[in-house]
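Quick notes on the structure that follows.
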Amino acid sequence: MVSALNLKGVLITPIQLVDEPLQFDEAIAPGTLEFAADLRQVGPLPVKGQADLIVEHRSANTHVDDIRVRAEYHGEFEVLCARCVDPVELPLAGSFDLIFRPESADAESGERSITEDETEIGYYGESGLLLEDVVREQVLLSLPSRTLCKPDCKGLCPRCGQNLNVAKCSCDEAAADPRWNALAGLADKLVQ
């Protein structure tokens, strides 16, 4: 059982899994993983699960060591509001059941067709599979497509950048650029 995350992370290799599955119970510290410019982990990210070896026999003399990783995670994050870019608290939780194959297993030269099941397979390098890479990807995939600080967020003024939830700006009184006059009323014409 792995209990503490070391600086190098948790590397899962097929050799570790030959005799029995690898159980892990990690707490990934904030700042360990780089997610995205608008996403920040604000507390520990517990990850609990196991990795198993699945030996795929391709022929009498050929086999492939696939790694199956099943786990659950949950943590607190901050993401920037899509309109006003203020930080928004975002609890994330999820579970996954994934299969990873060695990169060299499907490294045939030329093109080949793959089955629908093969589209669900990830790949790991010669050294093994880093658990942190898997968790990072799953956290990013679990993000909502758009996050707002509140449903009626007014956003930022496109001219001066003032957060319109905090204060009104004086840009409304400024004259509009006359080059846009040709488009005035276009929206009304499109609705008809």
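The values are calculated or read from the model by the stated rules, or taken from the named source; none is laboratory data. Every value quoted in this text rests on a predicted model; they were computed, and no experiment measured them. In this analysis, Cβ positions are derived from the backbone assuming ideal geometry, glycine residues included, and neighbour counts consider all displayed protein chains.
Can you find, within segment 147-176, the residue that is surrounded by the fewest Cβ atoms within 10 Å (Cβ to Cβ) among those that are at pLDDT 80 or above, of a type in the set (Gly, Ala, Ser) and farther than 22 Å from residue 39 by Cα?
167
Counting only residues that are at pLDDT below 90, among the β-branched types (Val, Ile, Thr) and in a loop (DSSP other than H, G, I, E, B), how many does segment 81-130 have?
Of the residues in that region, 2 qualify.
Here is a list: 136, 179. Which entry is closer than 30 Å to residue 32 by Cβ and not in a loop (DSSP other than H, G, I, E, B)?
Details: 179 fails: closer than 30 Å to residue 32 by Cβ.
Being closer than 30 Å to residue 32 by Cβ and not in a loop (DSSP other than H, G, I, E, B) holds for just one of 136, 179, which is 136.
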